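Below is a structure I'd like to ask you about.
Here, each number is a calculation from the coordinates, and none is a lab measurement. In this text, all values refer to a predicted model and were calculated from it rather than measured experimentally. Backbone-built Cβ (ideal geometry, glycine too); neighbour counts: all protein chains shown.
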Amino acid sequence: MKRIFVFFVLVLIISGVFMFASENKGEAQKITLLYWTFEDPTLTRLEERFIQEFQNKYPDVTIKRSTYPSGENIEQKVLIAFAVGEGPDIINLEMRASFPYVIYGRLAPIDPEAVGYKSQEEIYNDYLEGTLNVATHEGKLYGLPEQLGSYNLLLNKKYFREAGLDPEKDYPKTWEEMLEVAEKITIREGEIIMRRAFDFRYPQYLISWLPMVQQLGGSFLSKDASRCVINSEAGLRVMQYMAEWGPNGHNFGSPTYVNARKNFNKDDGSIAMCLTGLYQTARLKVENPAFYESREWMFVPYPRFADAVSDNGCNYYSHFFMVNAEKPDYNQKSAWRFIGYMTEHPEEYMAESALIQPRKSLMKSDVFNKYPYADLFIQEIAKSYPVIHHMNALKFEELMKEAIQSVMLTGVDPKEALQRLEQKANEVILGG
Amino acid sequence: MKYNSRRGSLGKYKAIGGWIFVAPALFYFALFSFYPIINAFYTSTLQKDILSLQPPKFIGLENYVYLFRSEDFWKSAEATAVFTLGCFIPLATVSLLLAVFIYSRSKPFQNFLQMAYFSPAILSTVAAAVVWLLVFDPRGLANQWVNFIANTPGIDHKWLALSHMVRFSTVIIYFWKYIGYFTIIYFAGLSNIPRTYYEAAKVDGASSWTQFWSITLPLVKPTIVLVSIIAMIQCMRTFSTQYLFTESGAATEPINVITLNIYRTAMRDRYIGRASAMSIVLFFIILIFSWLQLKVSKTEKISYI
Amino acid sequence: MNKIRMIQPTRKIGKKKQAYHGVGWRFSYPGNFLIWGILVVTMGLVLTPLAFMVVSSVMPYREVMRIPFRWIPTSFHWQNYWQAIRGNDGSFIYLRNILNSFFVASMVTLTTVFISAMAGYGLAKLPFRGRNLVFILIMATMMVPFEAIMIPLYLIVTKFGWQDSYIGLIIPLMVNAFGIFLMRQFLISFPDAVIDSARIEGASEFRIFWNIVLPNAIPAVVALGILTFRQQWDNLIWPLLITQSEEMKTIPLYIVRFNSEKYTNEGALMAVAMIASLPIIILFFSMARYFTGGLTISGMKD
């Protein structure tokens, strides 16, 4: 009896507490907008200033900006917040991760007027062709770009010379040449590679590995995105390339070494080339000024296959400012106004944080044109595809990782791995 | 020795006292543990995408059926099993050994040694991960030392690449991290034994060895049970080691333990129903094994008289 | 009550020199040597990554990742510590984060220890109907992975409006089943006779708990305290979910932030980790004296 009694008391208490919990959907005059974005000190300085200026202009709006570690951390946080209905007003996420939010109607379509345009059409005209497509769904635009990024080949000239090569002329323009260059530059001690010529940007297969397949005319998904078609000639060739590259082949590199781009700035002899973004040079300036000033580094385009049918470079990723659809109308309007305000300063984003916002005005500005290699990046982006966006994009990347790692590390046959990859991806698409 | 609270007022008095002492914990758990757990049970019967605003579809035990047919899930179960067996047994036994050794040293050394073994736990998970990934890098200390000792220069032992090696690496890290924990617990257990017993035994002429066998071991038994169950449960719940490894390029499949699978299914694939079902399955696995352990050890009340 | 006194040798130990080894065990010379050998070798292995951290914290980042690693730094790069505290954005927020971690971990430890001790005592010594069921229920909560309950837990906490506050950081973590289990196991072997005679003498249950049982479970209480504190100190996922403003974040969040993509300075990162480890080390050493070499119960049999 006592047990049952106690149980009831507990249940009563719990429900009582729940009832007392208040829910604030205030329609007060003053509103507070929550804005969540990535941690980055230069960005913080810049955007806090924007917030001050905006708040002066619209005194009834307060903006609270919170930052989180990029990648899984912020994605997890945003996901859980939305899951319980407590998402922030404004988010800045990579489209790969935020695409499901759009599909499920959690994010609001753009309010052109609030952002400062007369119509949605005008917005498209203001930005580089095609760059807003990833954030467009069923004809509506869901955000404005915070940055567009891509990777190209960053190389250290010194190590080329040490291997008897001329960095200006002998850098690898094709993946076949890459193998030759790697043969000359790589230094090993037994099996252990002390100096790598180049290594892939391993976890990011959707961005930096898939384009290789696309160059050979393959793709991951069919045109209507209904099934996975990676198990093709193109896919097989690239998979075989990876097998050759890794410890079971020529042993030029492997995912188990420290990331190439992390070591590049140290200029410590461990890596000659890496795939990275424009932002790395900004970092280099701060981390290793001597190396930066010496200009013993240079960016060259992402390699192609010699017989490529498509001249695309690395896929480009995008971050968009987006607005929570479940907030009150006035919140949403103010949120769009703020986003409009922030995106009026693409030159400052470029100068302070090396972020490219694909506005046509930026392309004409001094800041952009004087920035080393910015033009290279834009040219490459113009030829390349955006990262695929799909409800299960992240799962696809995981499956790719499994397949490639099994081929490189445990010596699985490339054909087999590819078959398994395609099969599993199709299962996922069917809702498995 | 079964107490029956119906008998006598002392029994009743104790019983009320029992409830009062346990009440704060119970209340807390009701709110912050039982409710979420029941919620997880309920969610496991649904087909739901975390972000979807539509009402979830009730599918009963279908999630569980899917799991039992899923090769991926069984691989995770295997990863968890291998890790747990390979880890908790050494953890539980070596820490007892260490605690006993430390206990037999003099006071100042005791503190220092305990601290030394506990120090890995001080290091934050993130910082430790950075250090260990560096150690297991093909150019790192692990290869250097093994090659030096085994006189095999230049061989890459592929700590993060081969299935069994990467599993071994995670076990090493986990062991390194938690050995101090359990040593401390054992040490506290040893400290709990009143010194008078040893003194009395010494007076009776018992040797150190006999003292150990007849006094220490029996009295430290509840602690042994405690440690083995906790160690086993913690090993089954391991998450951050495998997570950080897979984030940094280690082979994923061999160390895709159930908890990691749960996390990925919920956070990356957004299938919260299936993830909850996995959690429930894990829960039952842990429950069964803990129950088995308790059965095997049969905690008895130790009487001093 | 007067007849029963428990003596705590460590508390009074100040002047008296410890003449005995931890226990009456004494090992013969070869045995002694072997034991020391094992202890030192294991200790060496265990301490190596830590030594790495200590040494790296004063190295410029180029030397930290150097292969082969040079254990003796060529110079002492104390700037790492300055950068650690200053942060990559110059805000010195680390100091606030340390304070937060300290406050949260202490509060959680205090409540956990207290409530666990009470519950453990109740489960060990005070029989009531349904006691086993309660014990099983509590143990069961230990068996569910945190990932499974974090979303409903977050839901509850946000419904209360506790996000980005100390309350939200502390309250959901205030009690844990592991602590209760630990205390129960330790208290089970406490002599019933002592408790019973105290009862006969007329002491209230709480008095017995507070004045008699608890003082003699000090090793358990201290062990639990240290372990809980350390666990909370290192907790990353819950503060990640709960906090929004920088001022509320805790140390692990700062470490992840410091280690972010754009600013990897491993030397400074190790300095951050060193600073983060300091309080735990201090805590441990100050509490270690409570790990006694055994207790003495006197005045029992008469």
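When ranked by the protection proxy of mean other Cβ atoms within 10 Å per residue, highest first, what sequence do the peptides B:157-167, A:223-233 form?
Highest-to-lowest ranking by the protection proxy: B:157-167, A:223-233.
Still on this structure: If amide H atoms are built 1.01 Å from N in the plane of the peptide, which residues on other chains or at least 5 residues away come under 5 Å of the amide H of residue A:194?
Placed amide hydrogens put A:187, A:188, A:189 under 5 Å from residue A:194.
For residue A:295, project a label point 7 Å along Cα to C-beta. Then give me every residue of segment A:153-175 with its amide nitrogen under 14 Å of that point.
Residues A:157, A:168 qualify, since their backbone N sits under 14 Å from the label point.
Moving to a separate point now. Note down the relative contact order for segment A:38-111 as a percent, whole number, built from C-alpha pairs under 8 angstrom at least six residues apart.
26 percent.
Full-extension gain between residue B:74 and residue B:203, please, as 0.36 nm times their residue separation minus the C-alpha to C-alpha distance.
40.6 nm is the gain from fully extending residue B:74 to residue B:203.
Report the gain in length on full extension from residue C:245 to residue C:40: 0.36 nm times residue separation, minus Cα-Cα distance, nm rounded to one decimal.
Taking 0.36 nm per residue and subtracting the Cα distance, the gain is 69.3 nm.
Order of C:246-258, B:77-89 by packing, highest average Cβ count within 10 Å first?
With the highest mean Cβ count within 10 Å placed first, the list reads C:246-258, B:77-89.
Let me ask you something else. Roughly how crowded by other chains is peptide C:239-247, in terms of the mean Cβ count from those chains within 10 Å of each of its Cβ atoms?
That average works out to 4.
Across segment C:128-136, in residue order, what do the Karplus-derived ³J(HN,Hα) couplings come to in whole Hz, using 6.51 cos²θ - 1.76 cosθ + 1.60 with θ = phi - 60° and x for Gly and Pro?
Working through the residues one at a time gives 8, 5, x, 4, 5, 4, 4, 4, 5 Hz.
Just the Cα atoms of segment A:258-416: what Rg and Dmax do they give in Å?
So, for segment A:258-416, Rg and Dmax equal 19.8, 58 Å respectively.
Sticking with this one: Projecting each Cα onto the charge dipole of the protein assembly as shown (Lys/Arg +1, Asp/Glu -1 at the beta carbon, about the Cα centre), which of C:208, A:141, B:258 comes out farthest on the positive side?
Farthest towards the positive end: C:208.
Let me see the P(r) profile for segment C:135-177: every Cα-Cα distance counted, bins of 5 Å, each bin given as a percent of all pairs.
Calculated P(r), rounded to whole percents: 5, 20, 26, 24, 15, 8, 1.
Roughly how crowded by other chains is peptide B:96-102, in terms of the mean Cβ count from those chains within 10 Å of each of its Cβ atoms?
Taking the mean over all residues of the peptide, I get 4.
May I pose another question? Please report the Cα spread of segment A:256-350 along all three principal axes, rounded to whole Å, starting with the longest.
56, 40, 30
Let me ask another. What are the semi-axes of the equivalent ellipsoid for segment C:70-161, taken as the square roots of 5 times the Cα gyration tensor eigenvalues, largest first, in whole Å?
Equivalent-ellipsoid dimensions as semi-axes: 43, 20, 15 Å.
Per residue of B:290-297, how many C-beta atoms from partner chains lie within 10 Å of its own C-beta, taken as a mean?
Neighbouring Cβ atoms belonging to other protein chains average 1 per residue here.
Follow-up question, since we're still on this one. Skipping prolines and chain starts, which residues have an amide H placed within reach, meaning under 5 Å, of the one on residue A:33, given they are 5 or more residues away or on another chain?
Hits under the 5 Å cutoff: A:62, A:63, A:64.
Rank-order B:141-153, B:96-108 by packing density, defined as the average count of other C-beta atoms within 10 Å over each peptide's residues, highest first.
B:96-108, B:141-153
While we're looking at this one, here's another question. To the nearest 20 debye, what charge dipole does chain B have about its Cα centre, counting +1 at the Cβ of each Lys and Arg and -1 at the Cβ of each Asp and Glu?
1100
Among the listed pairs A:57/A:360; A:64/B:48; B:295/C:125, which have their C-alpha atoms separated by more than 24 angstrom in this model?
Distance filter (> 24 Å) returns A:57/A:360; A:64/B:48.
Taking the dipole about the Cα centre of the protein assembly as shown, with the C-beta of Lys and Arg at +1 and of Asp and Glu at -1, give me whichever of A:368, C:151, A:187 is farthest to the positive side.
Highest projection toward the positive end goes to C:151.
What is chain B by shape, rounded, prolate or oblate, if you read a ≥ b ≥ c off the alpha carbon gyration tensor as root eigenvalues and call it rounded for a/c under 1.5, prolate for a/b larger than b/c, and oblate otherwise?
Note, shape of chain B comes out oblate.
Turning to a different aspect of this structure: Cα centroids of segment B:109-124 and segment A:180-218: how far apart, whole angstrom?
42
Could you give the length gained by full extension between residue B:210 and residue B:94, i.e. 0.36 nm per residue of separation minus their alpha carbon distance, to one decimal place?
Computed gain between residue B:210 and residue B:94 is 39.6 nm.
Further question on the same structure: Consider a paramagnetic label point 7 Å from the Cα of residue A:173 along Cα→Cβ; state which residues of segment A:363-382 have an amide N under 12 Å from it.
From segment A:363-382, the list is empty.
Above 54 Å lies some portion of the pair distances; for the protein assembly as shown, what is it as a whole percent of all C-alpha pairs?
20
Taking a virtual spin label 7 Å from the Cα of residue A:262 along the C-beta vector, which residues in segment A:400-423 bring their backbone nitrogen under 13 Å of it?
none
Does chain A come out rounded, prolate or oblate, given a ≥ b ≥ c as the square roots of the eigenvalues of its C-alpha gyration tensor, rounded meaning a/c under 1.5 and, failing that, prolate meaning a/b above b/c?
prolate
Within chain B, which DSSP H helices have Cα atoms that stretch 27 Å or more along the helix axis and a mean Kyte-Doolittle hydropathy of at least -1.0?
Taking the DSSP H segments of chain B (at least 27 Å long, mean hydropathy at least -1.0), we get B:8-29, B:71-103, B:163-191, B:217-236, B:272-297.
Then there is this: Which residues' amide hydrogens lie under 5 Å from the amide hydrogen of residue A:384, considering only partners 5 or more residues apart or on another chain, with H built in the peptide plane?
Excluding prolines and chain starts, which carry no amide H, the hits are A:313.
With point charges of +1 on the Cβ of Lys and Arg and -1 on the Cβ of Asp and Glu, referenced to the Cα centre of the protein assembly as shown, which listed residue (A:31, A:319, C:162) lies farthest in the positive direction of the dipole?
The residue sitting most towards the positive pole is C:162.
At what distance in nm do the modelled label points of residue A:224 and residue C:75 sit from each other, each positioned 7 Å from its Cα along Cα→Cβ?
Simple spin-label model gives 6.7 nm for this pair.
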